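Enquirer: Below are the structure tokens for one structure; questions will follow.
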Amino acid sequence: MRALELRNAATPGKTFLAKMLDDHVMAFGLMQKPRYNKARRQVTFTAEGIEEYLRRVLVLPPAALTEPLIDPATGESNPLTDTVMSGWDLGTIMKKVLQQFLTWPGVSLPIVFEADRVGTHSDTILGSSLTPITTLFENYAARQNGPDWEFRPQLTSDRKGIELLFRTGTEAQPRLRSASVHLWDYSVPEPSVDDLVMESDSGQMTGLAWTTGGRQAGEAIVAFAQNTALTDAGYPLFMSVDSDHSNASDSTTLESYSNEAVRINDHPYESWPFRVRTDASPSPIEAGKGDLCDIVVKNDDWLPDDTYRRQIVALGGNENPDWIEVTSMEVPLG
């Protein structure tokens with residue numbers, strides 16, 4: 001530790017940490033909360049993906065440094081601090097929001113982008129709403145056919161650094177996934193998959209969903225959707241209210257949030273984290289966020305014999321070079 005000056009080299013909030021597998025960057029994030037145990041002479045480093053960093057910065061132009069967020073003459077959001085987008089698909093609006101953030105003084109992030117894509121969407125993000133960038137992305141993804149997004153880590157062309165390729169789904173194909181389906185068989189004597197955990201959560205289930213908006217237009221707008229699948233199956237009635245889109249003033253947009261809420265939340269949510277060997281086939285090098293995978297389970301105490309299809313939502317790892325950690329979930333409908 002002293003020879004490497006780790007206390008200085010691993011400054012939290014400043015240093016990035018990567019998990020490498022050969023020449024492939026499996027995970028990359030900003031260092032968080034180093035923990036030193038003096039008795040054991042051990043320090044533990046953790047890092048989170050850049051999405052968590054972008055939860056701490058806002059959709060604002062640099063003009064917000066010198067302009068008030070509220071126009072004193074009108075009492076409304078100052079147009080000079082609003083972010084106005086028109087004529088793009090949602091993924092390109094997300095891209096341009098990121099590019100706007102990169103114009104702020106002192107911001108230097110290793111992000112590269114896809115080409116622009118024209119589309120039919122427009123949006124005005126009020127500066128006075130103080131919307132975190134990740135929250136905006138999550139709101140877009142929560143719409144019907146909303147796009148997936150990914151910061152895919154990769155080596156730079158000179159192989160001296162790491163960059164993040166920001167990818168988003170298109171209007172025609174909102175899901176990000178490769179054509180292949182990765183297969184991990186838990187039923188063989190020495191499986192290449194281990195530490196499977198099945199976490200089930202009913203907290204998001206809803207049969208009646210309301211979404212509120214209209215702040216930008218100065219009027220209350222409420223959208224509603226219903227799905228009787230839960231009560232038809234014997235569940236009690238669950239309701240939900242989504243007030244995270246207060247600036248949306250288009251009723252069709254708000255309806256898309258309500259429709260999506262009752263569509264995807266008609267059963268308990270399942271998350272399946274597990275880990276896979278780096279020296280076995282399929283190699284985790286071949287996997288990426290959004291890809292589909294099949295997990296074969298037999299003779300288990302809890303899970304019935306079956307091949308379970310899941311979608312990879314995150315890759316990670318630790319100091320162990322033999323394993324890559326995979327977070328997966330049920331495959332979303334549509």
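Enquirer: Scan around ALA142 for amide H atoms under 5 Å from its own, H built in the peptide plane at 1.01 Å from N, and keep only partners 5 or more places away or cross-chain.
Expert: When sequence neighbours closer than 5 places are left aside, there are no close amide H contacts.
Enquirer: Here's something else I'd like to know. If one puts a single equal scatterer on every Cα of segment 1-160 and applies the Debye formula without solvent, what log₁₀ I(q)/I(0) results at q = 0.13, 0.14 Å⁻¹?
Expert: Treating every Cα as an identical point scatterer, log10 I(q)/I(0) equals -0.77, -0.86.
Enquirer: Same structure, new question: How many percent of the alpha carbon pairs in the chain exceed a separation of 30 Å?
Expert: Numbers: 25700 of 55611 pairs.
Roughly 46 percent, rounded to a whole number.
Enquirer: Dipole of the chain, Cα-centred, from +1 at each Lys and Arg C-beta and -1 at each Asp and Glu C-beta, to the nearest 20 debye?
Expert: Here the chain has a charge dipole of around 1400 debye.
Enquirer: How would PHE28, PHE224 rank on accessible area, largest to smallest, probe 1.4 Å? Let's see the in-between values first.
Expert: Working: PHE28 35, PHE224 100 Å².
Heavy-atom accessible area, descending, gives PHE224, PHE28.
Enquirer: OK, next. So what is the relative contact order of segment 155-280, in percent, for Cα pairs below 8 Å that sit 6 or more residues apart?
Expert: Relative contact order for segment 155-280 comes out at 31 percent.
Enquirer: For VAL118 and ASP301, calculate 0.36 nm times their separation in residues minus their Cα-Cα distance, and state this gained length in nm to one decimal.
Expert: 60.8 nm
Enquirer: Something else now. Would you kindly derive the ³J(HN,Hα) couplings of segment 323-330 from the backbone phi angles with the Karplus curve 6.51 cos²θ - 1.76 cosθ + 1.60 (θ = phi - 60°), listing them in order in whole Hz, with x for Gly and Pro?
Expert: In residue order, the calculated couplings are 9, 10, 8, 10, 10, 10, 9, 4 Hz.
Enquirer: What is the list of residues in segment 255-291 whose amide nitrogen lies under 14 Å from a point 7 angstrom out from the Cα of GLU190, following Cα to Cβ?
Expert: Residues passing the 14 Å test: 277-281.
Enquirer: In addition: Calculate the FRET efficiency for GLU138 and SER108 from the Cβ-Cβ distance with a Förster distance of 30 Å, rounded to the nearest 0.05. Don't skip to the end; give the middle numbers.
Expert: Working: r = 25 Å, r/R0 = 0.82.
So, using R0 = 30 Å, E works out to roughly 0.75.
Enquirer: Right, here's the next one. Viscosity 0.890 mPa s, temperature 25 °C: give me the Stokes-Einstein translational D for segment 99-204 in µm²/s, with Rh taken as the Kirkwood radius over C-alpha pairs.
Expert: It diffuses with D of about 136 µm²/s by this estimate.
Enquirer: Just to be sure I follow the rule: in the chain, considering lysines 8 or more places apart or on different chains, how many pairs have Cα atoms under 22 Å apart?
Expert: Close lysine pairs under the 22 Å cut-off: 7.
Enquirer: Please compute the per residue accessible area over the chain with all protein chains in place, 1.4 Å probe, rounded to a whole number of Å². Could the numbers behind the result be given before it?
Expert: On the way: 18370 Å² over 334 residues.
Averaged over the residues of the chain, the accessible area is 55 Å².
Enquirer: log10 I(q)/I(0), Debye, Cα-only segment 1-87, no solvent, q = 0.12 Å⁻¹?
Expert: These q points yield log10 I(q)/I(0) values of -0.62.
Enquirer: Could you state the principal axis extents of the C-alpha atoms in segment 217-334, from the largest down, to the nearest angstrom?
Expert: If we take the Cα atoms of segment 217-334, the spans are 58, 35, 23 Å.
The values are calculated or read from the model by the stated rules, or taken from the named source; none is laboratory data. Every value quoted in this text rests on a predicted model; they were computed, and no experiment measured them. All Cβ positions, glycine included, derive from the backbone under ideal geometry; neighbour counts span all protein chains shown. Accessible surface areas use protein heavy atoms only, side chains included; no ligands, DNA or RNA. Shrake-Rupley method; radii C 1.70, N 1.55, O 1.52, S 1.80 Å.
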